[in-house]
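Just below is one structure, and these are the notes that go with it.
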Amino acid sequence: MTDFHTFLTTHLNTVLIEITGTQGSTPRETGTFMLVSPTAIWGTIGGGQFEYLAIENARNLLENSGTETMDIPLGPEIGQCCGGRTQLRFRRVTDDVLNELEAKHIGEAEHRPAVYLFGAGHVGRALAVALAPLPLAVTVIETRQEELANLPAETATKLTAMPEALIAAIPAGSAIAILTHDHALDFLIAREALARTDLAYTGMIGSATKRATFSSWLSREGGEKASLARLTLPIGGSAVRDKRPEVIAAMTAAEILAALAAYGQRSK
């Protein structure tokens, strides 16, 4: 999906639709927005008949016949069953509105949860791709320069000879996925990660056998065995028994999102 900047450069005559208030059960929250031009749309405020009515009004507004606000009940009268109510505001995109969107975008980006992927092999790259469309700040850390090529444009990268040394500087509440090409390096990174108790998620690619091996190694290295409860190994769960990188990445992305949401709830 293109970002809103790209959409606006190709659709100069556009209306911004914003959710300004909600009551009860609604498909999206206050602050959600979408853009509507005569021939295209960007984003979504919830879909269904509710969104169709909003798009219709936005295009009418472009022809000087629409309204600047709507208050829509999400019930049988429009063929939806959420049962709540949503208020919308409609504005033509001017320079001032664009500046407002820019500020909102920057503010949201600064508060995105951080995810650090250690390793950009087949699964690491697939996971970076799976996470790219999500509201996350993703960084891939590698010891091999060539593996940092062909990652999503939104992904930050860092080349280092000692990835484990970066763990201490990772912000509290971040998620870490360990997917390097070297089991010994995986173990070093995981030991540093498990020494912290303020991370939302620490996961490692592998198997039950690798978990047992890591447990023994950690004990020999003086690590606390209780910290293993904070380690997801293997990543991706067992609900889908498919070892293709893209499948593991999809399942792991879901794990990371759930862990970040749970951490956010605990931190409130």
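Observations on the structure shown:
- Qualifying residue in the range 35-44 (condition: aliphatic (A, V, I, L, M), modelled with pLDDT of 90 or more and loosely packed, with under 13 Cβ neighbours inside 10 Å): yes
- Test: residue in the range 233-250 that is of a type in the set (A, V, I, L, M), in a helix (DSSP H, G or I) and surrounded by fewer than 12 Cβ atoms within 10 Å (Cβ to Cβ): no
- Qualifying residues in the range 235-268 (those that are touching a residue at least 40 places away in the same chain (Cβ under 8 Å) and over 21 Å from residue 124 (Cβ atoms)) - the one farthest from the chain's Cα centre (by Cα): 267
Each row is one residue, and each column tells you yes or no for (1) in a helix (DSSP H, G or I); (2) under 15 Å from the mean Cα position of the chain (by Cα); (3) not assigned by TED's automatic domain parsing to the domain that holds residue 252.
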site	(1), (2), (3)
130	yes, yes, no
133	no, yes, no
138	no, yes, no
141	no, no, no
151	no, no, no
157	no, no, no
168	yes, no, no
171	no, no, no
177	no, yes, no
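- So residue 237, is it on the phi > 0 side of the Ramachandran plot and either at pLDDT below 90 or not β-branched (Val, Ile, Thr) (or both): yes
- Flag if residue 252 is in contact with a strand residue (DSSP E or B) (Cβ under 9 Å, 6 or more places away or on another chain) and assigned by TED's automatic domain parsing to the domain that holds residue 179: yes
The values are calculated or read from the model by the stated rules, or taken from the named source; none is laboratory data. Note that the structure is predicted; figures quoted are calculated from it, not measured. We place every Cβ from the backbone using ideal geometry, glycine too, and count neighbours over all the protein chains shown.
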